[in-house]
Amino acid sequence: MLPRRDPRDRTSRLRLVRSFFKTDEREEGGPIRSPFVVGLGNPGRSYGRTRHNAGYLVVDELAKRHGGSWRKRKKAEAAPVSLGLTNATLLKPTTFMNNTGSAVSDHRPENLIVVHDDLDLEAGTVRVKVGGGAGGHNGLRSIIGRLGNDFVRVRIGIGRPPAGVTVTDYVLSRMDSVVKDAIPKAADAVEFVVEHGAEAAMNRFNVRA
């Protein structure tokens, strides 16, 4: 018989979800924290339109929408923007996927929205999630190894590779048009998380059409 789950665990997780990025709340009277939106990808022109760089494309879309200008940092490119009434920073780690955690190690996980491609979602699907495992994604694995998994994720489905194609070859191949068309929706999801919180974003974007 499986052990019965303590209902307090679910209550604790619900509180965590509700606490993310609510712009009308302050923590113990302190300043409102500004979110960091981390688009996962690999630097370099050869990776630019690959499935694995969907996260990069989303933060590029947000920078265009909100007048962000990219500036080089030691391990990332950063673009400060205002998302509604909230100041935020867009980040593109330049460490390559396997070492993404080192680019965000100075940040608190509850301040992060991580945008990434996801093999377990149908191509073109956008979902919002808090916590969870890496699911074989090396960028997520690197971040979780450094910070734990208590951060918001905006997931962009890329689907599974066809028979005979390895996962590595698949994610590093040029993305399908259906995935490219999902980039604006994923940017919408990030904006919604910042404005309304993770729970409201999940209710909005995780409903099956």
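The values are calculated or read from the model by the stated rules, or taken from the named source; none is laboratory data. Keep in mind the model is a prediction, meaning the values are calculated, not measured. Positions of Cβ are backbone-derived with ideal geometry, glycine not excepted, and every protein chain shown enters the neighbour counts. What goes into the accessible areas is simple: the full protein's heavy atoms, side chains included, and nothing from ligands, DNA or RNA. Shrake-Rupley method; radii C 1.70, N 1.55, O 1.52, S 1.80 Å.
Filter the trypsin sites (Lys or Arg not before Pro) in the range 63-96 to those in DSSP coil with at most 15 other Cβ atoms within 10 Å of their Cβ, and list the result.
R73, K74
Accessible area per residue, 1.4 Å probe, Å², for the range 133-181: what's the number?
That works out to 50 Å² for each residue.
If each of R73 and D106 carries a label point 7 Å out from its Cα toward its Cβ, how far apart are those two points in nm?
Distance between label points: 0.6 nm.
Using a probe of 1.4 angstrom, how much of the accessible area of the range 67-110 is carbon and sulfur, in percent? Let's see the in-between values first.
Numbers: 1080 of 2420 Å².
Solvent-exposed carbon and sulfur of the range 67-110 make up 45 percent of the total.
Considering only C-alpha atoms, what is the centroid distance from the range 71-101 to the range 153-185, in Å?
So the separation of the two Cα centres works out to 22 Å.
How big is the Rg/Rh ratio for the range 136-209, C-alpha atoms only, Rh by Kirkwood, two decimals?
1.01
List the trypsin sites (Lys or Arg not before Pro) within the range 108-209 that DSSP assigns to loop and that have no more than 15 neighbouring Cβ atoms inside 10 Å.
R208
Tell me, what does the Kirkwood hydrodynamic radius of the range 56-135 come to in angstroms if you use every pair of distinct C-alpha atoms?
Kirkwood hydrodynamic radius for the range 56-135: 14.0 Å.
Can you list which of the GluC sites (Glu not before Pro) found in the range 58-141 are DSSP loop residues with at most 13 other C-beta atoms within 10 Å?
Passing sites in the range 58-141 are E122.
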